[in-house]
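Take a look at the structure set out below.
The values are calculated or read from the model by the stated rules, or taken from the named source; none is laboratory data. Quick caveat: nothing in here was measured; it's all calculated off a predicted structure. With ideal geometry, Cβ positions are generated from the backbone for all residues, glycine too; neighbour counts draw on all protein chains shown. Protein only, heavy atoms only, side chains kept; ligands, DNA and RNA dropped before computing areas. Shrake-Rupley method; radii C 1.70, N 1.55, O 1.52, S 1.80 Å.
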Amino acid sequence: MTTPWDIDVSHSAVHFYVRHMVISKVHGRFAKWTGALQLDPQDLTRSSVEVAIDAASIDTQVADRDAHLRSPDFLDVATHPQITFRSKRIEKAGDGYRVVGDLRLHGVVREVTLEAEFAGTGKDPWGNERAGFSAKAALDRREFGLVWNAALETGGVLVGEKVEIAIELEAVKKVGATPVAA
(Lines give C-alpha, C1' and ligand atoms only; values in the text may rest on other atoms or scores of the structure.)
Protein backbone atom coordinates (compact mmCIF):
# COMPACT_ATOMS: atom_id res chain seq x y z
CA MET A 1 0.00 0.00 0.00
CA THR A 2 1.28 3.45 -0.92
CA THR A 3 0.49 6.74 0.76
CA PRO A 4 0.96 10.27 -0.58
CA TRP A 5 3.98 12.26 0.60
CA ASP A 6 4.93 15.82 -0.35
CA ILE A 7 8.52 16.73 -1.12
CA ASP A 8 9.75 19.29 1.41
CA VAL A 9 11.69 21.56 -0.95
CA SER A 10 13.05 23.61 1.96
CA HIS A 11 14.99 20.50 3.04
CA SER A 12 15.72 19.18 -0.48
CA ALA A 13 17.84 20.20 -3.46
CA VAL A 14 18.32 19.57 -7.19
CA HIS A 15 21.93 20.28 -8.22
CA PHE A 16 23.84 19.78 -11.47
CA TYR A 17 27.46 19.82 -12.61
CA VAL A 18 28.84 20.42 -16.13
CA ARG A 19 32.42 20.58 -17.39
CA HIS A 20 33.67 24.06 -18.27
CA MET A 21 36.55 24.42 -20.75
CA VAL A 22 37.35 20.71 -20.21
CA ILE A 23 39.37 21.56 -17.05
CA SER A 24 36.79 22.25 -14.33
CA LYS A 25 33.13 21.83 -13.42
CA VAL A 26 30.49 24.52 -13.05
CA HIS A 27 27.77 23.72 -10.54
CA GLY A 28 24.25 25.01 -10.23
CA ARG A 29 20.85 24.30 -8.83
CA PHE A 30 17.17 24.88 -9.48
CA ALA A 31 15.64 27.11 -6.81
CA LYS A 32 11.92 26.52 -7.55
CA TRP A 33 10.37 23.09 -7.89
CA THR A 34 7.68 20.87 -6.46
CA GLY A 35 7.12 17.17 -6.20
CA ALA A 36 5.20 14.35 -4.63
CA LEU A 37 5.68 10.68 -3.86
CA GLN A 38 3.39 7.73 -3.56
CA LEU A 39 5.47 5.84 -1.02
CA ASP A 40 5.40 2.29 0.29
CA PRO A 41 8.13 2.28 2.98
CA GLN A 42 7.83 -1.53 3.28
CA ASP A 43 8.51 -2.09 -0.44
CA LEU A 44 9.94 0.96 -2.20
CA THR A 45 9.62 -0.76 -5.59
CA ARG A 46 5.86 -0.10 -5.34
CA SER A 47 6.46 3.64 -4.92
CA SER A 48 6.43 6.45 -7.49
CA VAL A 49 7.65 10.03 -7.77
CA GLU A 50 6.77 13.11 -9.82
CA VAL A 51 8.73 16.37 -9.93
CA ALA A 52 8.15 19.68 -11.76
CA ILE A 53 11.03 22.17 -11.95
CA ASP A 54 10.72 25.84 -12.88
CA ALA A 55 13.42 26.01 -15.59
CA ALA A 56 13.82 29.77 -15.13
CA SER A 57 14.91 29.19 -11.52
CA ILE A 58 18.31 27.92 -12.67
CA ASP A 59 21.03 29.38 -10.45
CA THR A 60 24.79 29.06 -10.99
CA GLN A 61 25.56 32.17 -8.92
CA VAL A 62 26.58 34.09 -12.06
CA ALA A 63 23.76 36.28 -13.40
CA ASP A 64 25.09 36.56 -16.98
CA ARG A 65 25.62 32.79 -17.24
CA ASP A 66 22.15 32.13 -15.80
CA ALA A 67 20.61 34.49 -18.38
CA HIS A 68 22.44 32.58 -21.15
CA LEU A 69 21.25 29.23 -19.75
CA ARG A 70 17.63 30.54 -19.81
CA SER A 71 18.02 31.67 -23.45
CA PRO A 72 17.15 29.71 -26.62
CA ASP A 73 20.82 28.56 -26.73
CA PHE A 74 20.10 26.27 -23.77
CA LEU A 75 16.87 25.79 -21.76
CA ASP A 76 14.75 28.27 -23.77
CA VAL A 77 12.54 28.89 -20.74
CA ALA A 78 10.13 31.10 -22.71
CA THR A 79 9.16 28.05 -24.80
CA HIS A 80 9.89 25.30 -22.25
CA PRO A 81 9.14 26.72 -18.78
CA GLN A 82 9.11 23.35 -16.97
CA ILE A 83 11.38 20.38 -16.58
CA THR A 84 9.47 17.32 -15.37
CA PHE A 85 10.28 13.82 -14.17
CA ARG A 86 7.74 11.02 -13.70
CA SER A 87 8.88 7.61 -12.55
CA LYS A 88 7.77 4.52 -14.48
CA ARG A 89 9.27 1.90 -12.15
CA ILE A 90 11.57 1.50 -9.19
CA GLU A 91 13.94 -1.46 -9.05
CA LYS A 92 16.03 -2.82 -6.19
CA ALA A 93 19.76 -2.57 -7.02
CA GLY A 94 22.11 -3.93 -4.35
CA ASP A 95 21.81 -1.70 -1.28
CA GLY A 96 20.03 0.98 -3.30
CA TYR A 97 17.43 1.48 -6.00
CA ARG A 98 17.10 2.47 -9.64
CA VAL A 99 14.32 4.95 -10.31
CA VAL A 100 13.49 4.73 -14.01
CA GLY A 101 11.29 7.42 -15.48
CA ASP A 102 10.60 9.97 -18.18
CA LEU A 103 12.48 13.27 -18.05
CA ARG A 104 11.00 16.10 -20.12
CA LEU A 105 13.68 18.71 -20.77
CA HIS A 106 13.69 21.35 -23.49
CA GLY A 107 10.55 19.76 -24.98
CA VAL A 108 12.21 16.34 -25.37
CA VAL A 109 11.18 13.28 -23.36
CA ARG A 110 13.78 10.59 -22.66
CA GLU A 111 13.89 7.72 -20.23
CA VAL A 112 16.54 8.26 -17.54
CA THR A 113 17.67 6.21 -14.58
CA LEU A 114 18.41 7.69 -11.18
CA GLU A 115 20.63 5.70 -8.84
CA ALA A 116 18.93 6.23 -5.47
CA GLU A 117 19.52 5.58 -1.80
CA PHE A 118 16.84 5.45 0.88
CA ALA A 119 18.03 7.00 4.16
CA GLY A 120 14.99 5.89 6.16
CA THR A 121 12.05 7.48 7.92
CA GLY A 122 11.56 9.29 11.20
CA LYS A 123 9.27 11.62 13.14
CA ASP A 124 10.09 15.32 13.35
CA PRO A 125 9.52 17.30 16.61
CA TRP A 126 5.97 18.18 15.47
CA GLY A 127 4.92 14.56 14.89
CA ASN A 128 5.21 14.53 11.09
CA GLU A 129 6.62 11.41 9.45
CA ARG A 130 9.54 12.16 7.13
CA ALA A 131 11.56 10.11 4.64
CA GLY A 132 14.97 10.87 3.13
CA PHE A 133 16.50 9.96 -0.23
CA SER A 134 19.57 10.76 -2.32
CA ALA A 135 19.78 10.21 -6.06
CA LYS A 136 22.20 10.82 -8.90
CA ALA A 137 22.24 10.49 -12.66
CA ALA A 138 24.24 11.56 -15.68
CA LEU A 139 22.81 12.53 -19.04
CA ASP A 140 24.05 13.77 -22.38
CA ARG A 141 22.50 17.21 -22.87
CA ARG A 142 22.64 16.80 -26.66
CA GLU A 143 19.98 14.05 -26.41
CA PHE A 144 17.60 16.79 -25.21
CA GLY A 145 18.46 19.20 -28.03
CA LEU A 146 20.86 21.25 -25.89
CA VAL A 147 23.65 21.47 -28.46
CA TRP A 148 25.05 25.01 -28.17
CA ASN A 149 28.81 25.12 -27.68
CA ALA A 150 31.94 27.03 -28.60
CA ALA A 151 35.25 25.52 -29.69
CA LEU A 152 38.35 26.51 -27.74
CA GLU A 153 41.48 27.48 -29.65
CA THR A 154 43.49 25.18 -27.36
CA GLY A 155 41.20 22.25 -28.22
CA GLY A 156 38.02 21.00 -26.65
CA VAL A 157 34.80 22.90 -26.11
CA LEU A 158 33.51 25.50 -23.69
CA VAL A 159 30.61 23.42 -22.27
CA GLY A 160 30.75 19.70 -21.57
CA GLU A 161 28.09 17.40 -22.97
CA LYS A 162 27.67 15.29 -19.81
CA VAL A 163 25.42 16.77 -17.13
CA GLU A 164 25.68 15.22 -13.68
CA ILE A 165 22.59 15.51 -11.49
CA ALA A 166 22.59 15.19 -7.69
CA ILE A 167 19.36 15.20 -5.69
CA GLU A 168 18.79 15.32 -1.95
CA LEU A 169 15.16 14.80 -1.09
CA GLU A 170 13.15 14.91 2.11
CA ALA A 171 9.45 14.08 1.98
CA VAL A 172 6.64 14.51 4.51
CA LYS A 173 3.74 12.09 4.77
CA LYS A 174 0.44 13.85 4.13
CA VAL A 175 -1.58 14.11 7.32
CA GLY A 176 -4.61 11.84 7.25
CA ALA A 177 -3.42 10.16 4.04
CA THR A 178 -5.32 7.03 3.12
CA PRO A 179 -3.22 4.13 1.78
CA VAL A 180 -3.81 3.17 -1.86
CA ALA A 181 -3.30 -0.32 -3.31
CA ALA A 182 -0.29 -0.30 -5.63
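Name every residue in the stretch 39-54 that is under 14 Å from Gly132 (Cα atoms) and in a strand (DSSP E or B), in order of residue number. Within the stretch 39-54, Leu39, Val49 qualify. Among residues that are touching a strand residue (DSSP E or B) at 6+ places or on another chain (Cβ under 8 Å) and small (Gly, Ala, Ser), Ser71 is not included. For the stretch 92-106, the criterion of being among the aliphatic types (A, V, I, L, M), modelled with pLDDT under 90 and within 20 Å of Asp54 (Cα to Cα) is satisfied by at least one residue.
The single condition from (1) open to solvent by 30 Å² or more (accessible area, probe 1.4 Å); (2) touching a Gly at 6+ places or on another chain (Cβ under 9 Å); (3) in a strand (DSSP E or B) that Thr34 fails is (2).
Return yes or no: is Ser71 modelled with pLDDT of 90 or more and among the hydroxyl-bearing types (Ser, Thr, Tyr)? Considered against the rule, which asks whether it is modelled with pLDDT of 90 or more and among the hydroxyl-bearing types (Ser, Thr, Tyr), Ser71 comes out as no. Selection of the stretch 75-115 for residues being open to solvent by 30 Å² or more (accessible area, probe 1.4 Å), hydroxyl-bearing (Ser, Thr, Tyr) and over 19 Å from Glu164 (Cβ atoms) yields Thr79, Thr84. Screening the stretch 116-167 for residues that are of a type in the set (Lys, Arg) and at pLDDT 85 or above and picking the one that is most open to solvent (accessible area, probe 1.4 Å) gives Lys123.
Search the stretch 54-74 for residues being under 17 Å from the mean Cα position of the chain (by Cα) and open to solvent by less than 20 Å² (accessible area, probe 1.4 Å), and hand back the single one that is nearest to Val109 (Cα to Cα). Checked the stretch 54-74; the qualifying residue nearest to Val109 (Cα to Cα) is Ala55.
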